[in-house]
Amino acid sequence: MPNPTAAILIIGDEILTGRTREGNAWHLAGELTKAGIDLIQIRVIGDDHATITAAVRELSGAVDHLFTSGGIGPTHDDITADAVAEAFGRGIGVREDARALLAAHYALRGQDLTEARLRMARIPDGATLIDNPASTAPGFTIGNCHVMAGVPEVFKAMVASVLPTLRGGRPLLSRSLLMEAPESTVADALRTVAEAHPNVSFGSYPFTRDGRFGTNLVARSTDPEALDAAWAALKAAFPEGQ
């Protein structure tokens, strides 16, 4: 059985303008790889209701799991929840269980549950809350769409809450060989190894160090035995690798 598939939708004008450096997709990609869920697309869009709605509809129909990051906070431009609700044809409003979580959280800190904070309790009809041990305000899952915060620490906490509930597949395993040689000098031999091991994915990733060119050769597979055989062939082809 093939691994489940996933896409990541990053939402926020601050990402597109360079105001904020995006790292949530990188984190989730690594976690999905370990869980045996194949990430097939990362998309970044701005804070526009129609754009979010269209992207959620498209991507949720193309993969087993869609993860979104950003736009579920307390401010006027946090519109992701409304757009996702529209994408799934659901109503949206303040939900009592979400409101109770926020009320308890702010009461412990001697703070009021303001109108702005109450926005974070607006949940689409029929959605399941995503636990947020970092800051309490929940994300939610509706259909196959997992809607999470954009703040990195909160996003990571929500990912840790969601992933154990999902069916995974075979984790993608990898091995890397460092070559103190430019990519062009290893390309032919690498192609020969790759053609001999069609069930393993090979990649070459050039870098520079102290003004010298090098290449990382990477072999990947969900099949440990196939990876072992490919790795042995790669080491034989490049005995000078590290």
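The values are calculated or read from the model by the stated rules, or taken from the named source; none is laboratory data. Values in this document were obtained by computation on a predicted structure and should not be read as measured data. As a convention, Cβ positions derive from the backbone with ideal geometry for all residues, glycine included, and neighbour counts pool all protein chains shown. Side chains included, ligands, DNA and RNA excluded: accessible areas come from the protein's heavy atoms. Shrake-Rupley method; radii C 1.70, N 1.55, O 1.52, S 1.80 Å.
The table below lists the values:
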| quantity | calculated |
| --- | --- |
| Cα gyration tensor shape for region 1-90, rounded if a/c is under 1.5, else prolate or oblate | oblate |
| Calculated P(r) over Cα pairs in 10 Å bins from 0, in percent (choose from (1) 7, 26, 26, 19, 13, 7, 1; (2) 7, 30, 33, 20, 8, 2, 0; (3) 8, 34, 39, 17, 2, 0), label | (1) |
| Estimated inter-spin distance, Ser184 and Lys235, nm [label 7 Å along Cα→Cβ] | 3.1 |
| Accessible surface, the chain, averaged per residue in Å² (probe 1.4 Å) | 51 |
| In region 57-133, trypsin sites (Lys or Arg not before Pro) in a DSSP loop with at most 16 other beta-carbon atoms within 10 Å | Arg90, Arg109 |
| Candidates Gly46, Gly23, Gly214: whichever shows maximal mean-square fluctuation once the chain is modelled as a Gaussian network with Cα springs under 10 Å | Gly214 |
| Dipole magnitude of the chain, debye to nearest 20 (Cβ charges: Lys/Arg +1, Asp/Glu -1, about Cα centre) | 320 |
| Surface accessible to a 1.4 Å probe, Lys156 within the full protein complex, Å² | 100 |
| Solvent-accessible surface ranking, highest first, for Leu9, Leu173 at 1.4 angstrom | Leu173, Leu9 |
| Within region 72-87, backbone nitrogen closer than 13 Å to the virtual label 7 Å beyond the Cα of Ala116 toward Cβ | 73-78 |
| Carbon plus sulfur fraction of accessible area for the chain, probe 1.4 Å, in percent | 52 |
| Exposure of Val94 as accessible area (Å², to 10), given a probe of 1.4 Å and all protein chains | 80 |
| Only Lys, Arg (+1) and Asp, Glu (-1) charged, at Cβ; region 176-242 dipole about Cα centre in debye | 140 |
| Heavy-atom accessible area order for Tyr205, Tyr106, largest first, 1.4 Å probe | Tyr205, Tyr106 |
| Mean ellipticity per residue at 222 nm, deg cm²/dmol - from DSSP H runs of n ≥ 4 across the chain, formula -39500 (n - 2.57) | -11000 deg cm²/dmol |
| Dipole of the chain, positive end: most advanced residue of Val147, Asn199, Leu166 [Cβ charges, Cα centre] | Leu166 |
| Most to least accessible of His65, His146 (protein chains only, probe 1.4 Å) | His65, His146 |
| Cα lying deepest toward the dipole's positive end in region 99-242, options Ala104, Thr215, Ile123, charges on Cβ | Ala104 |
| Check: region 30-164 dipole with +1 on Lys, Arg Cβ and -1 on Asp, Glu Cβ, in debye | 220 |
| Neighbour cut-off at most 14 other Cβ (10 Å), DSSP loop, trypsin sites (Lys or Arg not before Pro), region 2-47 | Arg19, Arg21 |
| Selection from Gly12, Ser176, Val56, by position along the positive dipole direction of the chain (Cβ) | Ser176 |
| Heavy atoms of Glu58 accessible to a 1.4 Å probe, total area in Å² rounded to 10 | 100 |
